[in-house]
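Trainee: Sharing a structure, written as C-alpha cells. Questions coming.
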Amino acid sequence: MIFATLGPTGSNHELVLQRYLMARRLAASRIILFDAFEPAFDALLTGDADYLLQCSAHPAHGDCVGRYRSGAFPVDTFIARSRPLAVLARAEVAAPASIGLQPATRHYTDLSRWGRQVEEPSVVAVAEGLLAGRYDAGLCAEEVLARHPGRLRMLQPLGPALDAWVLFGPRPPQGELVLWPDAPVLRDFRR
C-alpha cells in the first residue's frame with residue numbers, strides 16, 4: 001500500500017505516519033511525501049496513492065475536506081503527539097526581532113514581541129530558514145538545537161503538540177457513525 005502525506009523528509013506528518021503504520025502493523029507500506037496537500041489529494045484521487053494522512057490542525061485541512069469531499073473520505077482518525085517543539089534563536093543574535101513559523105503553530109506561544117513573522121510550509125522549513133539566517137528565531141523541532149550546537153540557543157521550550165489526525169481513502173466508511181471503541185471519554189465516564 002502507498003500512503004501519501006506532507007513532506008519534506010523529517011516533517012511531523014512523516015513521523016506520525018510512520019508511527020501510525022507501525023501501530024497498525026502496516027510498516028511494509030510505502031510513504032510518498034508531497035510539498036503541498038493539493039497534489040497529495042490528487043494522487044489519492046488518481047490511484048497513485050492508496051491513503052493520505054493529514055493533521056486536522058494544518059491550515060489546509062478544512063479546505064481539503066471540502067474540496068475533495070466527493071473522492072477522498074475520512075476512513076480513520078487518531079490522536080498523536082508531534083516532536084517536541086521550541087522557539088530557537090540564532091546564537092549570534094542578541095535581541096531576535098523576526099521569527100519563522102508554520103501557520104498551524106501560530107498560537108503555541110505569544111508572538112506579539114516579533115516585529116516580523118515569516119510563514120513557512122513546515123517546521124522543517126522553519127529550521128532550514130533559521131539556520132540560513134532568513135530570520136532571527138524560529139518555532140521548530142527542539143531537536144534542531146542538539147543537531148546544531150553553538151549555532152542556536154533555546155528561547156522557549158514548547159513540548160509536543162497533541163493533534164487529531166485524519167486518514168483519507170478513496171471509499172467512504174460504512175455506517176452513520178464510526179467510533180473509537182475504548183475512547184478515553186468512556187474510561188472517564190465509568191469512574
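The values are calculated or read from the model by the stated rules, or taken from the named source; none is laboratory data. Computed from a prediction, not measured in an experiment: that's the story for all the values here. Methodologically, a virtual Cβ is constructed for each residue, glycine included, from the backbone with ideal geometry; neighbour enumeration extends over all protein chains shown.
Trainee: Are there strands (runs of 3 or more DSSP E) fully within the range 108-191 with at least 3 residues that are modelled with pLDDT of 95 or more, over 19 Å from V93 (Cβ atoms) and touching a Leu at 6+ places or on another chain (Cβ under 6 Å)? List them.
Mentor: Here the list reads 152-169.
Trainee: Same structure again: Among the residues in the range 73-80, are any under 11 Å from the mean Cα position of the chain (by Cα), modelled with pLDDT of 95 or more and assigned to a strand (DSSP E or B)?
Mentor: Yes; the residues of the range 73-80 include at least one that is under 11 Å from the mean Cα position of the chain (by Cα), modelled with pLDDT of 95 or more and assigned to a strand (DSSP E or B).
Trainee: Right, here's the next one. Working carefully through the options S70, S122, find the one that is hydroxyl-bearing (S, T, Y) and in contact (Cβ under 8 Å) with a residue 24 or more places away in the chain.
Mentor: Answer to the selection: S122.
Trainee: Would you say L17 is within 13 Å of the chain's Cα centre (by Cα), in the same structural domain as T77 (by TED's automatic domain parsing) and within 13 Å of W165 (Cα to Cα)?
Mentor: Yes: the conditions hold for L17.
Trainee: Here's a follow-up. Exactly one condition in (1) of a type outside the set (A, V, I, L, M, F, W, C); (2) surrounded by fewer than 16 Cβ atoms within 10 Å (Cβ to Cβ); (3) in a helix (DSSP H, G or I) is false for S70; which is it?
Mentor: For S70, the exception is condition (3).
Trainee: Would you pick out the residues in the range 57-87 that are more than 20 Å from L162 (Cα to Cα) and not β-branched (V, I, T)?
Mentor: Listed by number, the residues that qualify are D63, C64, G66, R67, Y68, R69, S70, G71, A72, F73.
Trainee: Right, something else. Would it be correct to say that I31 is surrounded by 16 or more Cβ atoms within 10 Å (Cβ to Cβ), farther than 21 Å from Q117 by Cα and touching an Asp or Glu at 6+ places or on another chain (Cβ under 8 Å)?
Mentor: Spelling it out, I31 is indeed surrounded by 16 or more Cβ atoms within 10 Å (Cβ to Cβ), farther than 21 Å from Q117 by Cα and touching an Asp or Glu at 6+ places or on another chain (Cβ under 8 Å).
Trainee: Sticking with this one: From (1) in the same structural domain as L17 (by TED's automatic domain parsing); (2) loosely packed, with under 14 Cβ neighbours inside 10 Å, pick out the condition that doesn't hold for S112.
Mentor: The number of the failed condition is (1).
Trainee: List the pairs whose first member sits in the range 14-28 and is crowded, with 16+ Cβ neighbours inside 10 Å, whose second member is assigned to a loop (DSSP other than H, G, I, E, B) and modelled with pLDDT of 95 or more, and whose Cβ atoms are under 7 Å apart, counting only residues at least 6 apart or on separate chains?
Mentor: L21/S29
Trainee: Turning to a different aspect of this structure: Identify the residue in the range 123-153 that is touching a Ser or Thr at 6+ places or on another chain (Cβ under 6 Å) and farther than 20 Å from S82 by Cα and, among all such residues, is surrounded by the fewest Cβ atoms within 10 Å (Cβ to Cβ).
Mentor: D136
Trainee: Separate question: Within the range 34-67, how many residues are surrounded by fewer than 19 Cβ atoms within 10 Å (Cβ to Cβ), in contact with a helix residue (DSSP H, G or I) (Cβ under 6 Å, 6 or more places away or on another chain) and at pLDDT 95 or above?
Mentor: Of the residues in that region, 0 qualify.
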